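Beneath this line is the structure, given in structure tokens, with notes to follow.
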Amino acid sequence: MTASVKLQWTRLTFKAHGVSGWKGFKQETHIKENSVLLSDRAVYVIRVQRPFSFTYGEKHSPVAYIGKGQFQNRITSHLKSWIGHLSRRFPELKVDIYFCEPRVRHHGTICEGVEADLIARFVKHYGDRPLRNRNTPTDPYDRAYASEDLKILHPGRGGGWEWELSPLPSSHFYRS
């Protein structure tokens, strides 16, 4: 039996330049300590805003990372590594974080499965996992999502995409 999952995404946007740690992130985003984003059951997608995007084969997507739980540790790590690195070179870089706490009736919280599903769908469409994801988790259960809820994985319509970013083999961000 396939479980129907509704993902009610909330977006948090911040200008990346000058934000180097959790304290700066909290000041820039005005995140509340009781936010769903800080829940261990949260699923989140970290994306860059137009005009930047990442190259995935012949396609591009603004998605850099798909994760679940431990947000404070993860975002601090991302800020110190790739977000800080890119924002020093592109001071106008803005980052979106979409997050939700997925639940299924009679199943409760299913963040691990949803994270695995989103990464699998990304890999299926782009041929590789998001740039900053190291693992490709798997999950044996079947879930159905509204197509509207999955648009987060793609660039969206319209123009404004001017830069496809891709690390070269000489970069520590490179992944073969």
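When each pair of different Cα atoms in the range 1-160 is counted once in the 1/r mean, what is the Kirkwood radius in angstroms, to one decimal?
16.2 Å
Considering the chain as a Gaussian network with a 10 Å cut-off on Cα pairs, which listed residue, Tyr145, Tyr44, Tyr56, attains the greatest mean-square fluctuation?
In this elastic network of the chain, the residue with the biggest mean-square fluctuation among Tyr145, Tyr44, Tyr56 is Tyr145.
Got a sec? How would Arg11, Arg103, Arg121 order by Cβ neighbour count within 10 Å, fewest to most?
Ascending Cβ contact count within 10 Å gives the list Arg11, Arg121, Arg103.
Evaluate the distance, in nm, between pseudo-label points positioned 7 Å from the Cα of Arg74 and of Ala120 along their respective Cα→Cβ axes.
1.8 nm
I'd like the Karplus ³J(HN,Hα) series for the range 98-105: coefficients 6.51, -1.76, 1.60, θ = phi - 60°, whole numbers in Hz, and an x wherever there's a Gly or Pro.
Taking θ as phi minus 60°, the curve returns 9, 9, 7, 10, x, 9, 10, 3 Hz for the range 98-105.
Go through Lys23/Lys151; Lys26/Lys124; Lys6/Lys80; Lys26/Lys68; Lys32/Lys68; Lys26/Lys59 and tell me which ones have a Cα-Cα distance over 27 Å in this structure.
Table pairs above 27 Å Cα-Cα are Lys23/Lys151; Lys26/Lys124; Lys6/Lys80; Lys26/Lys59.
Give the Rg (one decimal place) followed by the Dmax (whole number) of the range 103-176, computed from C-alpha coordinates and expressed in Å.
Expressed in Å, the Cα Rg and Dmax of the range 103-176 come to 15.3, 49.
All of the numbers you see were taken from the coordinates with simple rules; none came from a lab. These numbers come from a predicted model, not from an experiment. Note that we place each Cβ from the backbone using ideal geometry, even for glycine, and neighbour counts take in every protein chain shown.
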